[in-house]
Amino acid sequence: MKLTLKIWRQKNAQDKGGIVEYPIDGIEPDMSFLEMLDVLNEGLINKGEEPVAFDHDCREGICGMCSLFINGEAHGPDRGVTTCQLHMRMFKDGDTIFIEPFRAKAFPVIKDLVVDRSSFDRIQHAGGFISVNTSGNTIDANTIPINKDDADKSFDAAACIGCGACVATCKNSSAMLFVGAKVSQYALLPQGKVEATERVLNMVHQMDLEGFGNCTNTGACEVECPKGISLENIARMNREYLAASLKG
């Protein structure tokens, strides 16, 4: 396929940045989107030009590093996949593809398509854990009976990979789907009950400090989430937050 790529180039966080056009040829439909970018960068390097910086790691849809805004959609036109799982068969010969970084105040651009998502790490550090010393005190997994429905919902929430698609697709740059998932995975299990009050209050507080917006209630985040995290997790987080606030 012959394609025209219009890619956001930005030297650093202080640079104004802008869209640069690149023609590219010889792209196979079975290539992944990142393999297509590899081909582009190989050509740029051979010509002595600066390659396009973009994040990637596992290339298996697990780590969430490869987050790109493609033709106005987080992770591109496919559903239930990350950018690294997106294949070029989703595009046609002659297409023009716009590639941009995730846009949010809390996700400042580092270079080109790479953004700083350490704000998510700080939210996790604020409460996304349980303070249990299991060193030398391991307990059999079946010691505490857990309702199957609760276990399944917790597992579904834990599937969140923290890619930031929910933030990028939300017109308010809200992180409530991410935080809701992280709160829910513990709120549904007995192991998370002990610190439930502090967890939700601290994580929501940190989310606000990072500059994320409020939920728009449009549901765009759930639609474009590569792991299909449900809006139900936002509702659960709100209930947990209300209950914790009343206790305080």
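The values are calculated or read from the model by the stated rules, or taken from the named source; none is laboratory data. Because the structure is a prediction, the values reported are computed rather than measured. Cβ sites come from the backbone with ideal geometry, for glycine too, and all protein chains shown count toward neighbours. Note: areas computed on protein heavy atoms with side chains; ligands, DNA, RNA excluded. Shrake-Rupley method; radii C 1.70, N 1.55, O 1.52, S 1.80 Å.
Return the total of residues in the range 165-216 being under 17 Å from the mean Cα position of the chain (by Cα), open to solvent by less than 40 Å² (accessible area, probe 1.4 Å) and among the charged types (D, E, K, R). The total comes to 2. The listed residues are Ala243, Ala235, and the only one of them that is over 21 Å from the mean Cα position of the chain (by Cα), outside any loop (DSSP other than H, G, I, E, B) and among the aliphatic types (A, V, I, L, M) turns out to be Ala243. Being surrounded by 19 or more Cβ atoms within 10 Å (Cβ to Cβ), of a type in the set (A, V, I, L, M, F, W, C) and assigned to a helix (DSSP H, G or I) is not true of Ala151. Scanning the range 125-158 for residues that are free of Cβ contacts under 8 Å to residues at least 24 places away in the same chain and of a type in the set (D, E, K, R) yields Asp140, Lys148, Asp149, Asp152. Within the range 13-36, being hydrophobic (A, V, I, L, M, F, W, C) and in contact (Cβ under 8 Å) with a residue 60 or more places away in the chain holds for Ala13, Ile19, Ile27.
List, please: which pairs have Cβ atoms under 9 Å, are six or more places apart or on different chains, and start with a residue in the range 197-216 that is over 22 Å from Glu232 (Cβ atoms) and end with one that is open to solvent by less than 40 Å² (accessible area, probe 1.4 Å) and in a loop (DSSP other than H, G, I, E, B)? That search, which allows pairs on different chains as well, returns Glu210/Ala106; Glu210/Ala175; Gly211/Ala104; Gly211/Ala106; Gly211/Ser173.
A quick yes/no check of all residues on (1) out of contact with any Pro (no Cβ under 7 Å at 6 or more places or on another chain); (2) at pLDDT 95 or above; (3) crowded, with 22+ Cβ neighbours inside 10 Å:
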residue	(1), (2), (3)
Asn71	no, yes, no
His75	no, yes, yes
Thr83	yes, yes, yes
Arg89	no, yes, no
Asp95	yes, yes, no
Phe102	yes, yes, yes
Phe107	yes, yes, yes
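Among residues of the range 219-247 that are within 10 Å of Ala181 (Cα to Cα), those with a beta-carbon under 7 Å from a residue that is surrounded by fewer than 19 Cβ atoms within 10 Å (Cβ to Cβ) and among the acidic types (Asp, Glu) at least six positions away or on a different chain give the pairs Ile229/Glu222; Ser230/Glu222; Leu231/Glu222.
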